[in-house]
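S.K.: Sharing a structure, written as structure tokens. Questions coming.
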Amino acid sequence: MVQMGSFKLFSFSIIAFIATTAVLLGAESKTHGGDIEALKDLKNALEPGSVNPGSCLNSWDFTFDPCDNLFSDKFTCGFRCDIVVSGFSRVTELSLDSAGYTGSLSSTLNNLPYLQTLDVSNNYFSGNIPESLSNLTRLSRLGLSVNYFSGEIPSSIGTLSNLEELYLDNNNLEGTMPTSFNGLVSLKRLELQHNKLNGYIPDLSSFTNLLYLDLSDNVLVGALPATLPVSLVQISMRNNNLTGTLTSESFKNLMYLQVVDLSSNQISSSVPSVLFELPSLQQLTLSVNQFSSIEVPSYGYQSGLIAVDLSNNQLKGFLPSFMAFMPKLSSLSLENNEFSGLIPTQFALKTVFPENGVSPFARLLLGGNYLLGGVPRPLLGLKPDSANVSLGDNCLYRCPLRFFFCQGGQQKSWEECKRFNPVIS
């Protein structure tokens, strides 16, 4: 009887141990401890008052396992766990909602070694960008746009060789573009616009995969780099202090280029003919510069340009009539330059009577020049709602204000017109 009682007691102990072990295993975290601590530190680094009800971080309840409760009411959003390593779920994406979070970016984020996406855009993060982000070697997307980050861009970011998208735009970043960016060999998109970056644009030749480049609204100086990545689809550097000239050599191999915006700089000399010959280029904006002439292309009829804006430069001579033969060009702005001579009849015909398969001018802005003579006859029957045409502030002798396209400024004085049109006396 004693032996039987001992056996029952032993059996009960074994069952209790197994049950207790099962409970403990069930309660064990499925998320790696380092990842949990990094998520906690991120939340704790924010001002509590900025973590509002309904936001992703407001739902984070660390009495529960993060990855195991993702998309539940305990962790509604803000991250993803797409990899399991040695039995633990690892955080692979941290994408916060635009909820107005205020605070600094925790340096412990480098404890998320499997992170591929980090995006805290459209919030109120401030302070310096942590150097330790360079430890996130698997990072392919870094989005810090539309915040209040300040200081210089950490040169260590240049070591992120897997980075494909870098968004640092709309902050208060200063200093120069790090030369270490040459190490971003996988980069496809670089957006640094709306900051206070200064200095010269570094060599871009190592960006062999770069598709989109936006450096607009900074205080960059010097000339455009002589060599641009041949993979470029869009380049925008408007509203800087760029000088120098544009050369055909810089653009001739950019067979994928669709958009060029270098407006509001101090670039001078000629607009190179290659910009009217690239079959892929659709939008060319070089307004508010110091260009003085336009090179005539050899085969402009193959141009894919849809919109050209060369307004507010110092362009002289006759209007570039070759633009009337660009089949897709529908928007042309040449206003506020120093063009003289007659308005080509081809401009009027393309606006009113375009050939089959040719886009008409829906927008033709020629005001603020020194054009003389009469208004081409086809334009006289143009209805106000058919096209946006502006011929005001020129030297046209028959352009009364009753015509909508003659509005926007009285015609210039005879004396002023003679200075730019020596043929008249």
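The values are calculated or read from the model by the stated rules, or taken from the named source; none is laboratory data. Nothing here was measured: the structure is a model prediction, and the numbers come from that model. Ideal geometry is used to build each Cβ from the backbone, glycine not excepted, and the neighbour counts take in all protein chains shown. These accessible areas exclude ligands, DNA and RNA; they are computed on the full protein's heavy atoms, side chains included. Shrake-Rupley method; radii C 1.70, N 1.55, O 1.52, S 1.80 Å.
S.K.: Determine the equivalent ellipsoid of the stretch 289-362 by diagonalising the alpha-carbon gyration tensor, then write out the semi-axes as square roots of 5 times the eigenvalues, largest first, rounded to whole Å.
M.R.: Equivalent-ellipsoid dimensions as semi-axes: 21, 13, 11 Å.
S.K.: Using a 1.4 Å probe, what is the accessible area per residue for the chain, in Å²?
M.R.: In whole numbers, the chain has 46 Å² accessible per residue.
S.K.: Also: Which of the helices in the chain meet the span-like rule: DSSP H, Cα axial reach of 30 Å or more, Kyte-Doolittle mean at least 0.5?
M.R.: Taking the DSSP H segments of the chain (at least 30 Å long, mean hydropathy at least 0.5), we get 2-27.
S.K.: For the stretch 184-240, which trypsin sites (Lys or Arg not before Pro) pass both filters: DSSP loop (anything but H, G, I, E, B) and at most 11 other C-beta atoms within 10 Å?
M.R.: none
S.K.: Any idea what the relative contact order of the chain is, in percent, if you count C-alpha pairs under 8 Å spaced at least 6 apart?
M.R.: RCO, the chain: 6 percent.
S.K.: With a 1.4 Å probe and all protein chains left in place, how much of the accessible area of the chain comes from carbon and sulfur atoms, in whole percent?
M.R.: Accessible surface attributable to carbon and sulfur in the chain totals 53 percent.
S.K.: Would you mind classifying the stretch 125-259 by shape? Square roots of the alpha carbon gyration tensor eigenvalues, ordered a ≥ b ≥ c; an a/c under 1.5 is rounded, otherwise it is prolate if a/b is larger than b/c and oblate if not.
M.R.: Oblate shape, in that a/c is at least 1.5 and b/c is the bigger or equal ratio.
S.K.: Let me ask something else. Could you give the distance between the Cα centres of the stretch 200-269 and the stretch 306-323, to the whole Å?
M.R.: Here the answer is 20 Å between Cα centres.
S.K.: Considering only DSSP beta bridges where both residues belong to the stretch 280-349, give the percentage that are antiparallel (nearest 5).
M.R.: Roughly 0 percent of the beta bridges in the stretch 280-349 run antiparallel, per DSSP.
S.K.: Among residues other than PHE361 whose Cβ falls under 15 Å from its Cβ, what is the net charge (Lys/Arg +1, Asp/Glu -1)?
M.R.: 0
S.K.: Over the chain, how many pairs of lysines fall under 23 Å by alpha carbon, counting only those 8 or more apart in sequence or from different chains?
M.R.: Lysine pairs satisfying the spacing and distance rule in the chain number 14.
S.K.: Over the Cα atoms of the stretch 220-377, compute the convex hull volume and normalise it per residue, giving Å³.
M.R.: So the per-residue Cα hull volume is 95 Å³.
S.K.: Something else now. Say we join alpha carbon atoms closer than 10 Å with springs in a Gaussian network model of the chain; which of TYR167, TYR256, TYR397 then has the biggest fluctuation?
M.R.: Highest fluctuation among the options: TYR397.
S.K.: Let me ask something else. If you count the DSSP beta bridges with both ends in the chain, what percent of them are antiparallel, to the nearest 5?
M.R.: 10
S.K.: Then there is this: Okay, helix-only estimate at 222 nm for the chain: each DSSP H run of n ≥ 4 adds -39500 (n - 2.57), divide by all residues, round to 500 deg cm²/dmol; what do you get?
M.R.: -4500 deg cm²/dmol, from helical runs alone.
S.K.: Across the chain, what fraction of all alpha-carbon pairs, as a whole percent, falls in each successive 10 Å bin from zero upward?
M.R.: Taking all Cα pairs of the chain, the binned fractions are 4, 17, 20, 17, 14, 12, 7, 3, 2, 1, 1, 1, 0, 0 percent.
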